[in-house]
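Inspection log for the structure reproduced underneath, given as structure tokens.
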Amino acid sequence: MQIKFEDGIITFIDNDKEYSFESHGNYLNSFIKYDLIDREKHRLREYHDGEIGKISKVEDVAIGNNRAAWYVQDYLPDGENYKRSKKAIITLGDFASGEERVIYKGECFGDLCFDGDDLYFNIGNKVAVYHLSTDVFELLFKHSGIKKDGLELHITPKRIFYQHWSHSSNNTMWYDRETKETVNPRFDGRPLFFLNDELLIYGGVEHTWKYDVSTRKKKRLFSNKTMDSIFKMVAAFFGVPDEYCDRYHSMFASVDLQDYKDGRLFFKSNCSYNHEGMGSEEKLRECHDLGLPMSLHTVISSNTSGEDIRIEAEPKDIIRKEKPYTTHYKSLDFMDVSLWTYQNN
């Protein structure tokens, strides 16, 4: 579904059907989420030709069960900039009736999420829910000690998963809907994907993990043997001769979880030439003399068991990049060659 914003009207477009409502905001946040004042304050000023006044922005939108909800945040002038106020509203629009109504007024940080007839949202450092069928507002739990958005709420029948933020880090946690307790399994699950309500998969620092929520046990998706085979497969794809393929698996090689769709997991595979026992410059010169690329970068995929591994590219997709070598503040007399099948943004 597409969202259009014009002259204070927010319109939801589903194929040939359009549903329009009064937005109660002056501007639409094009990023929808994570658009903080520090990034927007100067651009916000550009909207005003004369005196700077209050700005109301549609900060977040959720769609579910033939309805939409949107969160509008007020910003107040603060010298030449703006500051977030504690005034916000959440409006509910019903596609069937065309009616809208404000269901919440107060401090809000967005993170709107529908689950059936319930709308969950973040009111600063707590998660709240509005039961649409009974028009009852309920505070559920404290999600962190700081007021921050980006909770990435995921609702299941037994739990509410979220990101717990501190001033220096975050953890993936959940709220047990039966015991009313919050649980911290002590891992940073980002990116994180749910295979079902009890099984999730997330990217750790060095490995991708499958995590069983009911037992709180985790298991590596790829064994060391599988990782070896992945890097050899990647090296062979880029045309590295068989006798050198095993030199592209080192402590700097990685398989980083990126996405989950249509039953498959997608990863960025990055590996570089390594010859154990050699110094840095010696290794680089050997790689150059052999006519091999220093690093290889592509996208691979697997099923949810870590099997049926494929390279998600074709030889025609390979891009060659070159740049000067500099090691220990010394420039070398040959180029650093890397091969890619995706753009490094």
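The values are calculated or read from the model by the stated rules, or taken from the named source; none is laboratory data. The structure displayed is predicted, hence computed values, not measured ones. Cβ sites come from the backbone with ideal geometry, for glycine too, and all protein chains shown count toward neighbours.
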Residue check for CYS108: part of a loop (DSSP other than H, G, I, E, B), at pLDDT 95 or above, at negative phi and surrounded by 15 or more Cβ atoms within 10 Å (Cβ to Cβ): yes
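From the set of residues in the stretch 63-81 that are farther than 15 Å from GLY8 by Cα and crowded, with 21+ Cβ neighbours inside 10 Å, which is farthest from the chain's Cα centre (by Cα)?
TYR75
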Tally, over the stretch 286-330, of residues that are under 30 Å from TYR211 (Cα atoms), out of contact with any Phe, Trp or Tyr (no Cβ under 9 Å at 6 or more places or on another chain) and surrounded by 12 or more Cβ atoms within 10 Å (Cβ to Cβ): 2
Residue match in the stretch 68-89 (condition: in contact with a Gly (Cβ under 8 Å, 6 or more places away or on another chain), modelled with pLDDT under 95 and in a loop (DSSP other than H, G, I, E, B)): no
Failed item, numbered, when LYS158 is tested on (1) charged (D, E, K, R); (2) within 27 Å of GLU22 (Cβ to Cβ); (3) surrounded by fewer than 18 Cβ atoms within 10 Å (Cβ to Cβ): (2)
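Name every residue in the stretch 167-180 that is in a loop (DSSP other than H, G, I, E, B) and within 21 Å of PHE121 (Cβ to Cβ), in order of residue number.
Selection gives ARG177, LYS180.
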Residue in the stretch 192-214 that is farther than 30 Å from ASP228 by Cβ, of a type in the set (Val, Ile, Thr) and assigned to a strand (DSSP E or B) present: no
Subset of the stretch 224-257 that is without any contact (Cβ under 8 Å) to a residue 60 or more places away in the chain and among the polar types (S, T, N, Q) - its residue that is nearest to SER280 (Cα to Cα): SER250
Residues within the stretch 208-219 that are under 20 Å from ILE311 (Cα atoms) and either surrounded by fewer than 19 Cβ atoms within 10 Å (Cβ to Cβ) or in contact with a helix residue (DSSP H, G or I) (Cβ under 8 Å, 6 or more places away or on another chain) (or both), tallied: 0
Out of TYR244, TYR211, sole residue that is in contact with a Gly (Cβ under 8 Å, 6 or more places away or on another chain) and either closer than 30 Å to SER331 by Cβ or not assigned by TED's automatic domain parsing to the domain that holds LEU332 (or both): TYR211
